[in-house]
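Some notes on the structure that comes next.
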Amino acid sequence: MRIVLLGAPGSGKGTQSQHLAEQEGIPQISTGDLLRAAVARGTELGRAAKEAMDAGRLVDDALVLGMIRERLGERDARRGFILDGFPRNLAQAHALERLLATLHKPLAAVVQLEVDYGELARRISGRRTCADCGRVFNLLTAPPAANETCPKTGAPHRLLQRPDDNEATVAERLRVYDEKTRPLIDFYRARGLLKVINAQGDVDEVTRRLAQALATLTPPKRRRAKAAQQARPAKRRKGAPKRSRKSKTAPRRAARRSGKRSRAGRSRR
C-alpha cells in the first residue's frame, strides 16, 4: 500500500496516518519529521536544510525529495508507505511522480479528507504535538488516553501547541491551501488515484471510512497472482484418488469398438 493523504490543515491527516501505519505495519512519512531527523543526525541533506531554515528560506523541494528517497529505501518501507504533508503543490506532485517512477513504487491511491472550514478552525485551535515522540493529539477530538505515556520517555506526553496552530493564522493557512494544495485533487483525479472521504465526526468513524476507501486496493503483483491462481485447475486434495486417464478415453474406445463390430456385421451380411 503506497498512498498520499491530502486535506486542509486540521483535517486529521496526521491522526489518520498514525492509525493506518499501525494497522498496516508501514511507515508514516511526514516531511516535517524527516527534516527534523535529518537536522538532528547532521546528514548532508540535514545540514543543507538547516542552513536554509536558519537563513529564513523555505527548504528546497529537491532536498525534501532527497530525504523522501532515502526514507523509502529503508527496510520498513518495502511493503508500502503513507505520505503525510507532501506534496503540497503541483510542482511537488510532478516531482514526486517522477521520483516514484524511478523507484518503481507508484502510488496506489490518494485520499482527500474533506472537512468543513468552520470545523477546521475549531480543530486547529485544539491540536497539540508531543515534544518527544512527535505524536499529534487534539484536545477536542483525540486527546491522549488516561495514563498514556510517551513511548520515547516513558513519561506523560509533553504537549505543545505549534505557533501556527491558533485561530489568528487559520484563515491565511486555508487561503494558501486553496491556492496551492487544493488543485492536487484534480491532478490525482485525472490519474484515477483519488478517493474522497468525509473526515468530520468521531475519529474512529473517520478511520472506518478510510479503511473502506482503501479496502479495494490490491497490489498489481498480488492481483495478477490471484488471477493466475483462479485460472489454474483446482489441486487434487491429498489422499484423494487420482483420476484415471483410462476414464477419459474409455467411452471413446468403446464407441470405436462398437463401430468396428457394426461394420464387421454388415460386411458378413
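The values are calculated or read from the model by the stated rules, or taken from the named source; none is laboratory data. Nothing here was measured: the structure is a model prediction, and the numbers come from that model. Here the Cβ positions follow ideal geometry from the backbone for every residue, glycine too, while neighbour counts run over all protein chains shown.
Quick check on my filter: what residues within the stretch 142-159 are outside any loop (DSSP other than H, G, I, E, B) and of a type outside the set (A, V, I, L, M)? Listed by number, the residues that qualify are T149, P156. The residue of the stretch 75-94 that is nearest to R182 (Cα to Cα), among those that are surrounded by fewer than 15 Cβ atoms within 10 Å (Cβ to Cβ) and touching a residue at least 24 places away in the same chain (Cβ under 8 Å), is L90.
Taken over the stretch 183-199, the criterion of being surrounded by fewer than 17 Cβ atoms within 10 Å (Cβ to Cβ) and at negative phi is satisfied by P183, I185, D186, R189, A190, R191, L193, V196, N198.
Whenever a residue of the stretch 1-13 is touching a residue at least 60 places away in the same chain (Cβ under 8 Å), its partners that are of a type in the set (D, E, K, R) and in a loop (DSSP other than H, G, I, E, B), lying with C-beta atoms within less than 9 angstrom and at least six residues away or across chains, give the pairs M1/R79; R2/K105; L6/R182; A8/R182; P9/D164; P9/D165; G10/D165. Taking (1) in contact (Cβ under 8 Å) with a residue 24 or more places away in the chain; (2) of a type in the set (S, T, N, Q); (3) surrounded by fewer than 17 Cβ atoms within 10 Å (Cβ to Cβ); (4) farther than 22 Å from I197 by Cβ in turn, T102 satisfies each apart from (1).
The lone criterion from (1) under 22 Å from V196 (Cβ atoms); (2) assigned to a helix (DSSP H, G or I) left unmet by A40 is number (1). Comparison of L72, L58 shows that the only residue that is surrounded by 12 or more Cβ atoms within 10 Å (Cβ to Cβ) and either at pLDDT below 85 or not acidic (D, E) (or both) is L72. When E148, E97 are checked against the criterion of being within 14 Å of Y188 (Cα to Cα) and without any contact (Cβ under 8 Å) to a residue 24 or more places away in the chain, E97 stands alone in meeting it.
Listed here are the residues, each with its yes/no results for (1) closer than 23 Å to A215 by Cα; (2) over 14 Å from the mean Cα position of the chain (by Cα); (3) modelled with pLDDT under 85.
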residue: L35; (1), (2), (3): no, yes, yes
residue: V39; (1), (2), (3): no, yes, yes
residue: A48; (1), (2), (3): no, yes, yes
residue: I68; (1), (2), (3): no, yes, no
residue: D76; (1), (2), (3): yes, no, no
residue: G85; (1), (2), (3): yes, no, yes
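Would a scan of the stretch 16-23 turn up a residue that is under 21 Å from P143 (Cβ atoms), aliphatic (A, V, I, L, M) and either surrounded by 19 or more Cβ atoms within 10 Å (Cβ to Cβ) or without any contact (Cβ under 8 Å) to a residue 40 or more places away in the chain (or both)? Within the stretch 16-23 (the criterion being under 21 Å from P143 (Cβ atoms), aliphatic (A, V, I, L, M) and either surrounded by 19 or more Cβ atoms within 10 Å (Cβ to Cβ) or without any contact (Cβ under 8 Å) to a residue 40 or more places away in the chain (or both)), the answer is yes, since at least one residue qualifies. Summed over the stretch 135-149, the residues that are surrounded by fewer than 17 Cβ atoms within 10 Å (Cβ to Cβ) and among the small types (G, A, S) give a count of 2. Taken over the stretch 150-175, the residue count meeting the criterion of being surrounded by 13 or more Cβ atoms within 10 Å (Cβ to Cβ), aliphatic (A, V, I, L, M) and more than 20 Å from D33 (Cβ to Cβ) is 2. At least 1 residues being modelled with pLDDT under 55 is the threshold, and among the helices (runs of 4 or more DSSP H) wholly inside the stretch 160-269 those reaching it are 220-231, 245-268.
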